[in-house]
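S.K.: Take this structure, written in structure tokens, and hold onto it; I'll ask about it next.
The values are calculated or read from the model by the stated rules, or taken from the named source; none is laboratory data. A quick note: this is a predicted structure, and the numbers were derived from the prediction, not measured. With ideal geometry, Cβ positions are generated from the backbone for all residues, glycine too; neighbour counts draw on all protein chains shown. Keep in mind that these areas ignore ligands, DNA and RNA; they rest on the heavy atoms of the full protein, side chains included. Shrake-Rupley method; radii C 1.70, N 1.55, O 1.52, S 1.80 Å.
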Amino acid sequence: TDASGGQVLITTAANEDDGGSYQLLGESFKTSGNELYFGCSIAANEATQVDWLIGLSVTDTAILGGTANGIYFEKIDGATGISGVTESGSSETQSDSLHTFAADTFVELEFYYNGSNVEFFINGSSVATHTATIPSTEMRVSFEYLTGAAAAKTMTIDWIRCIQIGR
């Protein structure tokens with residue numbers, strides 16, 4: 001979309017659960033023995049009637065529907081709470097209601113893996129730390145966005161960055 005530095009605008013179709021799953025080609029990021037950082041800045045035109053997941057995940061065609069391994073943020077339809085999740089072998093640790101997602105407001109979502117735990121940050125503030133269910137498999141940058149109502153919705157991604165240290 002037209003913005004300084006460029007932004008990605010995703011628009012769903014107008015049926016419930018319309019949207020898309022997007023993954024970077026190749027599973028390029030791994031926690032095992034490495035430090036890892038992921039961050040993004042996103043906004044949507046709707047706070048409640050959308051589902052989204054953004055972060056790192058193994059290859060999957062329906063990321064929100066049950067990825068087996070990942071580190072990510074998610075927001076589910078019918079709620080505005082943002083959760084931080086670590087998931088390994090389909091077993092997850094989830095910290096709920098870390099922040100209230102608001103319509104038309106950019107939010108910065110970041111996590112850092114220091115070699116033993118994952119610390120989640122929202123708008124620069126530490127909001128949760130996970131020491132369990134941290135995946136050791138290779139993952140890819142992943143994003144899924146779905147409308148939660150019979151109406152088209154939009155999501156804007158201002159930036160995404162992922163940095164692997166020590167690989």
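S.K.: Working only within the range 38-79, note down all residues that are open to solvent by 40 Å² or more (accessible area, probe 1.4 Å) and under 13 Å from the mean Cα position of the chain (by Cα).
M.R.: Hits for the range 38-79 are L64, I76.
S.K.: Further question: Considering S97, S32, which residue is open to solvent by 50 Å² or more (accessible area, probe 1.4 Å) and modelled with pLDDT under 95? Give the steps one after another, and end with the answer.
M.R.: Values: S97 fails: modelled with pLDDT under 95.
Exactly one of S97, S32 is open to solvent by 50 Å² or more (accessible area, probe 1.4 Å) and modelled with pLDDT under 95, namely S32.
S.K.: Going through S126, S116, S95, S83 one at a time, which residue ends up being under 17 Å from Y37 (Cα atoms), of a type in the set (S, T, N, Q) and not in a loop (DSSP other than H, G, I, E, B)? Even if it seems obvious, please write down each step before you answer.
M.R.: Numbers: S116 fails: not in a loop (DSSP other than H, G, I, E, B); S95 fails: under 17 Å from Y37 (Cα atoms); S83 fails: under 17 Å from Y37 (Cα atoms).
The unique qualifying residue is S126.
S.K.: Which of the residues spanning the range 140-160 are crowded, with 19+ Cβ neighbours inside 10 Å, over 13 Å from the mean Cα position of the chain (by Cα) and either more than 17 Å from G65 (Cβ to Cβ) or polar (S, T, N, Q) (or both)?
M.R.: Scanning the range 140-160 gives T147, K153.
S.K.: For the range 112-130, name all the residues that are open to solvent by less than 30 Å² (accessible area, probe 1.4 Å) and either among the aliphatic types (A, V, I, L, M) or over 13 Å from G55 (Cα atoms) (or both).
M.R.: Correct list: V118, I122, A128, H130.
S.K.: Same structure again: With respect to V8, determine if the residue is surrounded by fewer than 16 Cβ atoms within 10 Å (Cβ to Cβ) and within 18 Å of W159 (Cβ to Cβ).
M.R.: Working: surrounded by fewer than 16 Cβ atoms within 10 Å (Cβ to Cβ): yes; within 18 Å of W159 (Cβ to Cβ): yes.
Yes; evaluated as a whole, the condition is true for this residue.
S.K.: While we're on this one: Restricting to the range 1-42, name every residue that is over 30 Å from G115 (Cα atoms), among the polar types (S, T, N, Q) and part of a loop (DSSP other than H, G, I, E, B). Even if it seems obvious, please write down each step before you answer.
M.R.: Kept after step one, since they are over 30 Å from G115 (Cα atoms), are these residues of the range 1-42: 1-20.
Retained after the next criterion (residues that are among the polar types (S, T, N, Q)): 1, 4, 7, 11-12, 15.
Hits for the range 1-42 are T1, S4, Q7, T12, N15.
S.K.: Scan the range 146-156 and give yes if some residue there is touching a residue at least 40 places away in the same chain (Cβ under 8 Å) and in contact with a helix residue (DSSP H, G or I) (Cβ under 9 Å, 6 or more places away or on another chain), otherwise no.
M.R.: Start the filter on the range 146-156 by keeping residues that are touching a residue at least 40 places away in the same chain (Cβ under 8 Å), which leaves 146-156.
Checking the rest, the ones that are also in contact with a helix residue (DSSP H, G or I) (Cβ under 9 Å, 6 or more places away or on another chain) come to 146.
Scanning the range 146-156 turns up at least one residue that is touching a residue at least 40 places away in the same chain (Cβ under 8 Å) and in contact with a helix residue (DSSP H, G or I) (Cβ under 9 Å, 6 or more places away or on another chain).
S.K.: For T133, indicate whether it is part of a strand (DSSP E or B) and either surrounded by 19 or more Cβ atoms within 10 Å (Cβ to Cβ) or modelled with pLDDT of 95 or more (or both). Full working, then the answer.
M.R.: Values: part of a strand (DSSP E or B): no; either surrounded by 19 or more Cβ atoms within 10 Å (Cβ to Cβ) or modelled with pLDDT of 95 or more (or both): yes.
Against the criterion (part of a strand (DSSP E or B) and either surrounded by 19 or more Cβ atoms within 10 Å (Cβ to Cβ) or modelled with pLDDT of 95 or more (or both)), T133 does not qualify.
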